[in-house]
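Since the structure comes first, as structure tokens, the remarks are kept for the end.
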Amino acid sequence: MRTSFESVLKCKNLAHLDRASRAGLTTPVRRVAFILREHFSMMAFTGAVDALVTANLMSSTPVFEVLVVGGEGNLVTSDLGIAISTDCALAELDEKRQDILVVCGGFRVRLQGEPQLRAKLRHADAAGAVLGGLWNGAYFLAEAGLLNGHECAFHPDGRAMMSELFPKVSVTSHSHVLDRKRMSCAGANSSLGMMLEVVGHSAGQELLDAVEEVLGCDKMRETVDVSVVSIDFDPTLPRTLKLALELMHTNIEDPIEIVEIARYARISRRHLERLFRRYVKATPPRYYMELRLTHARQLLQHTNKSLTEISVASGFATLPHFSRCFREKFDIAPGQFRARTHFKI
């Protein structure tokens, strides 16, 4: 019987697990249209789209369908002077079929209402869509009368203007805000965080954790790798557990006994097991095995080491034992996994 991953390391490996292991993550596809304004912020746009595309990679079936909308032509110029090809012009957009419409602003975007955009946003709102703005893109929602009574995140340079022009809009100092069927972010760096929340609301915490594992690994100045982002950056993690995790991570090729790990952390084995179940969602031996197999998966994927070398580097005494354990978790033999991964690249 195949057991797959049960610890928090499932997030680190989710894209490499078979479809059956991810079947519970399937959700109806949500259509998301990004309306690019001339001189839009490239960084805000790509951060938002990256969250959605990565979510699709982590899920057994696509979660989001992304549509890029421009002005009259096929190209829109970003704030970097790079022209982006669009899927359709604003006039061609069927806004009533979209689940989410996001207006992409930027430092040089001209803040002036346009009848066509205003009408599209109002039609989408009437059809039940979620409306959003990147950087100062929320201006166009407010100008259409669609932010009244809602919180709104906006670039600091334009908050005074927003408060003056749209007194019924609650302009906040938050970097991003999701308020009912409205969402907004204040700048380029906060668009990813805003869209990650959308991923969580749309597809659940497990998929969100998997996406953050890929995109959120460098949130701090030093990138650690004890296990996964949810643990590495958890300020409430007990120091004893942190020590145990670090000891496992630095002893993958030569695994040490759990009782020795507990002794090193200066706690009883029973207490160590309680901590692991609470924070890691698995027993210490189970997590240790999954950590070693994650290490093996990374070596298979990113090096040309032989299967025997990877087996030894991951703490397995024999190649058959390694192959059997790997197949149990990934539902594929190590050699087949490598061939499949290299074919995709």
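The values are calculated or read from the model by the stated rules, or taken from the named source; none is laboratory data. Computed from a predicted structure; not experimentally measured. Note: ideal-geometry Cβ built from the backbone for every residue, glycine included; neighbour counts use all protein chains shown. The protein model used for the area step is the full one, side chains on, heavy atoms only, and it has no ligands, DNA or RNA in it. Shrake-Rupley method; radii C 1.70, N 1.55, O 1.52, S 1.80 Å.
Which FRET efficiency value, to the nearest 0.05, is calculated for His201 and Arg270 with the Förster distance at 41 angstrom and r the Cβ-Cβ distance?
0.60
What's the ranking of 150-160, 298-308, 182-192, 43-53 by average number of surrounding C-beta atoms within 10 Å, highest first?
Numbers: 150-160: 18.9, 298-308: 14.3, 182-192: 25.3, 43-53: 21.8.
Going by the mean number of other Cβ atoms within 10 Å, highest first, we get 182-192, 43-53, 150-160, 298-308.
Relative to the longest principal axis of the chain, what angle (0 to 90°, nearest 10) does the C-alpha long axis of helix 284-302 take?
For 284-302 against the chain, the angle is about 70 degrees.
Just to check, using Stokes-Einstein with a Kirkwood Rh over alpha carbon pairs, what's the diffusion coefficient of segment 56-151 at 25 °C and 0.890 mPa s in µm²/s?
Here the translational diffusion coefficient equals 171 µm²/s.
For segment 22-141, what does the accessible surface come to per residue with a 1.4 Å probe? Please give it in Å².
Roughly 42 Å² per residue, with all protein chains present.
What is the total of Lys pairs in the chain with C-alpha atoms under 17 Å apart, excluding same-chain pairs fewer than 8 positions apart?
11
Principal axes first, then extents: for the Cα atoms of segment 255-328, list largest minus smallest coordinate on each axis, whole Å, largest first.
39, 21, 20 Å, listed from the longest principal axis down.
Per residue, what volume in Å³ does the Cα convex hull of segment 22-83 take up? Numbers along the way, then the final one.
On the way: hull volume 4.7 nm³, N = 62.
Once divided by residue count, the hull of segment 22-83 is 76 Å³.
Using all Cα-Cα distances in the chain, what percent lands in each 20 angstrom bin from 0 up to the longest?
Answer for the chain: a P(r) of 27, 46, 25, 2 percent.
Go ahead and estimate [θ] at 222 nm for the chain from helices alone: -39,500 (n - 2.57) per DSSP H run with n ≥ 4, summed, over the residue count, rounded to 500.
One gets -12500 deg cm²/dmol as the mean residue ellipticity at 222 nm.
Counting Lys and Arg as +1 and Asp and Glu as -1, each charge on the Cβ, what is the dipole of the chain about the Cα centre in debye, to the nearest 20?
Roughly 1040 debye, rounded to the nearest 20.
Report ³J(HN,Hα) in whole Hz for each residue of segment 123-137, in order, from the Karplus equation J = 6.51 cos²θ - 1.76 cosθ + 1.60 where θ = phi - 60°; Gly and Pro get x.
Ordered by residue, 3J(HN,Hα) equals 5, 5, 4, 5, 7, x, 6, 7, 10, x, x, 9, 6, 10, x Hz.
Projecting each Cα onto the charge dipole of segment 93-182 (Lys/Arg +1, Asp/Glu -1 at the beta carbon, about the Cα centre), which of Ala129, Ala160, His174 comes out farthest on the positive side?
The one lying farthest along the dipole's positive direction is Ala129.
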